[in-house]
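Any read-out appearing in this document is the output of simple, stated calculations on the displayed coordinates, not a laboratory observation. Because the structure is a prediction, the values reported are computed rather than measured. Every residue, glycine as well, gets a Cβ built from its backbone with ideal geometry; the counts of neighbours run over all protein chains shown.
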Amino acid sequence: MLLNLFRINKNNMKLESLLLENEINVKQLFNNENKELYKENIKNTIDYILDFLNNDKFYSGVSVTELKDKFSLINKNEDLSVIKMDEALEQLKEVFLDHAISFNNPTYVAHLNCPVTIPSLVGDLIASAVNTAVETWDQSTSATLIEQYIIDWITEHMKLPTTSDGVFTSGGTQSNFMGLLLARDHYAFKYFGINIKEKGWDPIISKFRFFCSEKAHFSIKKNAALLGMGYNSVIPVATNESFEMDSKALVLAIEKEKQKGNIPIGVIATIGTTDFGSFDPVLSISKIAKMDNMWLHVDGAYGGCFVLSELHKPLFNGVQYADSITIDFHKSLFQPVSSSAFLVSDKLNFRYVSHYADYLNPIETKDSEHVNLITKSIQTTRRFDALKLWFTLKVTGEKTLGSYLKIVHKLAVDTYALLNEDSNFETIHSPTLSTVVFRYKAKGIVEDSIHDMLNIYIKNSLFKEGKASVASTKHNNITYLKFTLLNPNVTLKDMKNIVNMIKEKAANYNKNN
Ligand SMILES: Cc1ncc(COP(=O)(O)O)c(C=O)c1O
C-alpha cells in the first residue's frame, strides 16, 4: 500500500487527498498546516492539568481493582476505532488524572519527588514540540550550547577544575553507572594497560573493588552487577551515628581487601543519603582515595543541589577533588523527570564511552567546532532535558531555588523537634537535608516486631485512604517511617496534621489488635 501511495504521488496527486482517500487522518502531525489544532489541543489540555491541581487529596484512594476495571472498560483490545481528543482527555481524567499521585499536595511527604517550577514546564513543552535530539550538532545546533551552559554552571558550583565537563543523563542510576564504568576502565587502562572498551573482560577485573558507605544507594551495587563485576565487588563501609561513612573504617576495609589480594579502584562518597540525607566526609575520603590512586565518585543525586543553600555549602568541602559526580535536578531542584547530570573533573575520561559512527559523528569531525554531545553519553537519542533548567535559572533564579531548599530543610528540623517532643515517637537522626526517619512506639510494647507491623499498618492505611503518603525504610532490621520534605509550600501546621493522623491510626491499630 505504501508503494502504491508513492507511485500515485509521483503522478502528481496531492499527498493530502491521497491520505484522505485512504481514510488516513491528516490532522495528526505537528506542522505548519495544523498550528491551530495544536493550539486548541494544548489549550484544552491545560484545563485538564489545572483540574488535576484541584484534587484535594494527594491520591483519590481508589483501589487497584477499581482502577483496573475503569481501565479495561475504556481499553478493550478488540476496539481499534479512534476517538476525538476531547473524549481521550475525558478518559484520561477518569483513569489517571483523577487518581495520579500529586507531589504538590501537602500530605505527600514520601519519596524524593518535588513540585516543579512553571518555567521548567514551559521548557519541557518546547523541548517536546521541537523534539530536538541532543546527540549531534546537526540535530541539535544551539541546544548543545544550552546543555553545555548548564553543565558549566553546575561544575562551577561544585568547584571542579577547568578541565571538567559533564553531560545530562536519565537520572542518578545512569550517572552512577557512568561513574563506576569510567572508574573501572580508567584504572584498568592506566595501571594495567588493559583497554576494556576495545578488548572486553580481563581476569584481573574480578579483583577490582569499590567502597561505599553501607547507607549508599542500591544503584551502586546494581551498576557493579550490570558492569559484570558483581555485587561482591562493592564493599560496604560502616557509618557513624550520623550515618556518615566512617573514614577509619574505610581505611581498614581497603587494607583488608588488599590483604585478600584484591585491588581497591574506587570510592563512592554519598552527599545526601537517600534515607538520612547524611554527607560522607568527602575531604578525608578524597585523601584516602588518593593514597591508592583510587577514583573518587561523589553521589549527589539527592544532596548535590543543596550547594545552592548557603547553609549547606560547607558540607561540600572536598567535592572539588572528585573524579566524577552525580547530581539530580529532578530530585531537589524542582525539575520534571528526567533532569540529571554526570560530571567529570577531566573531560578526557569521556573517551571510555565515546564512539564514532560513520553515519552520525564520523571520526573526522572529532575536533570540529560542531560539537557532538553523543561522544560524552551512553545514550544515542537523548531528550533536550537541559532546557527546562535553563528556563528555571533564567526566570526563577538560583537564589530562589536556594531559598526553597533552606525552607524544606528548616521544615525537616522543625518536624524532627515536633516528633521529639512527643513520647509516642522515636527519632534516629537529626536532619542534614530534608528527611526525617522515625517510628511510632506504642506504650507498653517492647517487641520490635510488633512495632514493625504497627508502623507498616500506619503507612498503608494512610495511603489507602488517600490521607497521606509517608515512606518506610529499615535500619538495623527495624522498620521506620520516613518523611521526605521537598515542597516549600508545606508548613509545620501541615506536618502537625500528618503527625496527628499517624497517632489516630496507631490508636485504631491498638484498639483492634
Ligand atoms: C543517593 C541516591 N543516588 C542515586 C539515586 C538514583 O537516582 P534516580 O532515581 O534518578 O535514578 C537515588 C534515588 O533515590 C538516590 O537517593
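Every Cα-Cα pair of the chain was included, and the share exceeding 32 Å stands at 53 percent. Rounded if a/c is under 1.5, else prolate if a/b is larger than b/c, else oblate: which is the range 401-509, with a ≥ b ≥ c the root eigenvalues of its Cα gyration tensor? Note, shape of the range 401-509 comes out prolate. Counted by Cβ distance under 12 Å from residue 36, the other residues give a net charge of +2, where Lys and Arg count +1 and Asp and Glu count -1. Peptide packing for 158-166, 366-374, 323-331 was compared via the average number of neighbouring C-beta atoms within 10 Å per residue; ordered from the highest value, the list is 323-331, 158-166, 366-374. If the chain linking residue 74 and residue 496 were pulled fully straight, counting 0.36 nm for each residue of separation and taking away their Cα-Cα distance, it would gain 147.9 nm.
Scaled against the 2.2 N^0.38 Å expected of a compact globular protein of N residues, the Cα radius of gyration of the range 78-147 reads 1.61. Pairs over the 25 Å Cα-Cα cut-off, from the set 76/467; 313/496; 222/474; 43/388: 76/467; 313/496. So if the hydrodynamic radius of the range 81-230 is defined as the Kirkwood radius over C-alpha pairs, what does Stokes-Einstein give as its diffusion coefficient at 10 °C and 1.306 mPa s, in µm² per second? D = 79 µm²/s.
Bridges between two residues of the chain, per DSSP, are antiparallel at a rate of about 55%.
The range 119-198 and the range 213-262 have Cα centres separated by 26 Å.
Enclosing the Cα atoms of the range 119-186 in their convex hull gives a volume equal to 126 cubic angstrom per residue. For the pair residue 29 and residue 46, how long in nm is the line joining their label points, each one 7 Å along Cα→Cβ? Going from the residue 29 label point to the residue 46 one covers 2.7 nm. Return a single number: how many Lys pairs in the range 178-221, at a sequence separation of 8 or more or on separate chains, have alpha-carbon atoms below 23 angstrom apart. Eligible lysine pairs with Cα atoms under 23 Å apart amount to 6.
Here the Karplus relation 6.51 cos²θ - 1.76 cosθ + 1.60, evaluated at θ = phi - 60°, turns the backbone of the range 199-213 into coupling constants of 9, x, 5, 9, x, 4, 5, 5, 9, 5, 10, 9, 10, 8, 5 Hz, with x for every Gly and Pro. Pairs of C-alpha atoms in the range 270-319 farther apart than 14 Å represent 49 percent of all such pairs. Expressed as a whole percent, how much of the Cα-Cα distance distribution for the range 289-446 exceeds 28 Å? That tail contains 43 percent of the Cα-Cα pairs. For the range 371-413, the residues whose backbone nitrogen is under 13 Å from a point 7 Å from the Cα of residue 311, taken along Cα to Cβ, are 402-413. Between residue 398 and residue 381, the simple spin-label model (points 7 angstrom out along Cα→Cβ) gives 3.4 nm. Taken about its Cα centre, the range 430-513 carries a charge dipole of about 160 debye when Lys and Arg each add +1 at the Cβ and Asp and Glu each add -1 at the Cβ. The label-point distance for residue 291 and residue 226, in a model that sets each label 7 Å from Cα toward Cβ, rounds to 3.3 nm.
Note on residue 358 and residue 503: the extension gain reaches 45.8 nm, defined as 0.36 nm multiplied by sequence separation minus the Cα-Cα distance.
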